[in-house]
Each structure stands twice: as C-alpha cells, then as structure tokens.
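Structure, as structure tokens:
The values are calculated or read from the model by the stated rules, or taken from the named source; none is laboratory data. Remember, predicted model here, so these are calculated numbers, not experimental data. Backbone-built Cβ (ideal geometry, glycine too); neighbour counts: all protein chains shown. SASA here: full protein model, heavy atoms, side chains in, ligands and nucleic acids out. Shrake-Rupley method; radii C 1.70, N 1.55, O 1.52, S 1.80 Å.
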Amino acid sequence: MLSKRTIIGLVVGSIIIGIGGYSLITHIGTITINENYIVDVGDSTVYTIPAPDGTPQMMKIIGDSFDLEMTSPADGLQIPKTSYKKELAIDWIHLADGETRIKIQNTGNTELEITGTLIRSSDPIWFTFDLMVIISGMVIIGFSMGFTLRKPKGF
C-alpha cells in the first residue's frame, strides 16, 4: 500500500517530468520569433540571428531615417552601412548555417518601429535545462518512494 506522501510525490514528479518532456520537444528544431521593437531617437540595436540553411527571414523597419548594416552567412544578403529614409522591407533566405548580423542606428527625429518574422536555431542550453527539469522530477519520485518502505523491527 502506498502512503499519502508517496502518491503526492509520484503525481508531482510525473507532472514535472511531463513539463520537461514537453519543453524538450518544443525546443527541437527552429524557433519562430515575431519581432515588434521600438528604437528611440539616437539609439541603436543589434540583431544576431543564428539559423540553419534554407530558413526565410523577413524584417520591416519604419522611421524618419536610419542606418543599417547587415552581414549574412556564405553568399547571402550583404548590405554595407547604408542610410535609409521612411521604410525598408528586407526578405532573405539563409544560404548556409550561420549567423546573420544586423545593426540598426536611428538617425532620425522619430522612433523606429522594427517588425518582422525571424526563424532561428534553438539554443543548446535549453536542451540541458530541459534535461535538468526531467532529472529533478525523477529525483522527487525517488525520494517519495522512500516513504513506502517499512521500518524494520527495532527502529
């Protein structure tokens, strides 16, 4: 017969293992990020987008005026530091595994609005984090199973 503490430990541990397993599955492959960011007057921002080959990227920048510099892996889209006014829409595809690096400097009198859909590779640290969550659920189940042991005579 299982004690009340053992049943609670089994349920909690199973839930934690389930959450870790679900998270592990969702972190496999690529991640789609819907970007919506505002850059204040005079500020700059840098995007580093690690992605596998063949992933499409899209970014739209709206503002008074801004400078943009972009480097993409292999023979991908390369834009030297260039000034733009009003609006810029960029669509590109990663031609090789690697990082696209985009630097945007607001040089106008109004805020910049950056929107886009960016597809990036999953960060390997999440795999380790998800495994740690699963292991902690197993430890909780292990400790809770100790409550079902009967004490020998004399204790």
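Numbers below:
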{"item": "Residue in region 40-50 that is without any contact (Cβ under 8 Å) to a residue 60 or more places away in the chain and either under 27 Å from ASP130 (Cβ atoms) or not small (Gly, Ala, Ser) (or both) present", "result": "yes"}
{"item": "Odd one out for ASP40 among (1) crowded, with 18+ Cβ neighbours inside 10 Å; (2) out of contact with any strand residue (DSSP E or B) (no Cβ under 6 Å at 6 or more places or on another chain)", "result": "(1)"}
{"item": "Filtered residue count, region 89-100, keeping only those that are open to solvent by less than 30 Å² (accessible area, probe 1.4 Å) and either farther than 30 Å from GLY29 by Cα or assigned to a strand (DSSP E or B) (or both)", "result": "4"}
{"item": "Qualifying positions in region 48-60 - more than 18 Å from the chain's Cα centre (by Cα) and under 13 Å from LEU118 (Cβ atoms)", "result": "LYS60"}
{"item": "Number of positions in region 108-139 that are touching a Gly at 6+ places or on another chain (Cβ under 8 Å), in the same structural domain as GLN78 (by the TED database) and open to solvent by 70 Å² or more (accessible area, probe 1.4 Å)", "result": "2"}
{"item": "Meets criteria (assigned to a helix (DSSP H, G or I) and among the hydrophobic types (A, V, I, L, M, F, W, C)) for ILE33", "result": "no"}
{"item": "Flag if PRO73 is surrounded by 14 or more Cβ atoms within 10 Å (Cβ to Cβ), of a type outside the set (Lys, Arg) and touching a Lys or Arg at 6+ places or on another chain (Cβ under 8 Å)", "result": "no"}
